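Remarks on the structure that follows.
The values are calculated or read from the model by the stated rules, or taken from the named source; none is laboratory data. Note that the coordinates shown come from a computational prediction; the quantities given were computed from them, not determined experimentally. Here the Cβ positions follow ideal geometry from the backbone for every residue, glycine too, while neighbour counts run over all protein chains shown.
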Amino acid sequence: MPDNAEQGVNRRQFFKSAFVELTKVVLEFSGAKGEGSPKRRNYLRPPGAVEESLFNPLCTRCDECIKVCPHQCIRGSDSESDTGARVGTPIIRPQEAACRLCHDFPCITVCKDGALRPVGDIRKVKIGVALIDRRRCLDYTFDYRGAQTSPCQQCYSQCPLKDEAITLEGSGPVVQAEKCVGCGICENVCQTVNPPSAVRVFPIKYS
């Protein structure tokens, strides 16, 4: 059992790794692509998903997690729109339907293959991390007089970890990466009120 000091080091290493991953994808989100940039995973897994290198061998594509999802946010991947995902394995597309972080995690309960593992509570979920493109966000848009043109804050108000995962700086929402669980509710609501969404949730590495 690791002591508190070791847990602290592991936690710092995790978020350092997560920050590096997010730095790489933010250029893609803002429209800039480096030469020779490799294709990266553009899909999200359900809560409790193990590292991708383990997920594909473990998942038997039984569809049980898809069937029990009460919000129908888990879908089977297909080769056309989910490049790199093994066909039929469960994914989440937040712009279509975000994970609602069910308190009892039925998707994890029915997984008998070990691809989805218990997470304890919603704060332990790590589907991905949200990023906000401030150029598209209504809360960062001002007219020539410096007045906010169309305040929104929907991502903030509907975040299940409001004031933890998304906070406000003045009137603008800010994602706190180490608290964000990547459920995609912010991306989903932004797509509804201000398409195309100014928020994207990106998967991150756990190693």
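Observations, loosely collected:
For every residue, the table says whether it meets (1) in a loop (DSSP other than H, G, I, E, B); (2) modelled with pLDDT under 90; (3) within 27 Å of residue 175 (Cα to Cα); (4) small (Gly, Ala, Ser).
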position: 28; (1), (2), (3), (4): no, yes, yes, no
position: 42; (1), (2), (3), (4): yes, yes, yes, no
position: 47; (1), (2), (3), (4): yes, no, yes, no
position: 56; (1), (2), (3), (4): no, no, no, no
position: 60; (1), (2), (3), (4): yes, no, no, no
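- Test: residue 157 is of a type in the set (Gly, Ala, Ser), modelled with pLDDT of 95 or more and either within 18 Å of the chain's Cα centre (by Cα) or assigned to a loop (DSSP other than H, G, I, E, B) (or both): yes
- The set of residues from the range 141-188 being closer than 18 Å to residue 204 by Cα and of a type in the set (S, T, N, Q) comprises just one member, 176.
- Flag if residue 100 is modelled with pLDDT under 95 and part of a loop (DSSP other than H, G, I, E, B): no
- Checked against (1) crowded, with 16+ Cβ neighbours inside 10 Å; (2) more than 25 Å from residue 52 (Cβ to Cβ), residue 92 passes all but condition (2).
- Restricted to the range 180-197, and to residues there that are assigned to a loop (DSSP other than H, G, I, E, B) and touching a residue at least 24 places away in the same chain (Cβ under 8 Å), the residue that is nearest to residue 138 (Cα to Cα) is 194.
- Being at pLDDT 95 or above and either over 18 Å from the mean Cα position of the chain (by Cα) or within 25 Å of residue 45 (Cβ to Cβ) (or both) is a property that does not hold for residue 146.
- Cβ-Cβ contacts under 6 Å between residues 6 or more apart (or on different chains), taken from a first residue in the range 105-129 that is in a helix (DSSP H, G or I) to a second residue that is surrounded by fewer than 17 Cβ atoms within 10 Å (Cβ to Cβ) and among the hydrophobic types (A, V, I, L, M, F, W, C), are listed as 106/68; 110/68.
- Scan of the range 138-152 for residues that are outside any strand (DSSP E or B) and touching a Ser or Thr at 6+ places or on another chain (Cβ under 7 Å), ordered by number: 138, 139, 141, 143, 149, 150, 151
- Condition met for residue 177 (in a strand (DSSP E or B) and under 16 Å from the mean Cα position of the chain (by Cα)): no
- Subset of the range 115-153 [out of contact with any Gly (no Cβ under 7 Å at 6 or more places or on another chain), under 21 Å from residue 181 (Cβ atoms) and surrounded by fewer than 19 Cβ atoms within 10 Å (Cβ to Cβ)]: 120, 121, 122, 123, 124, 133, 153
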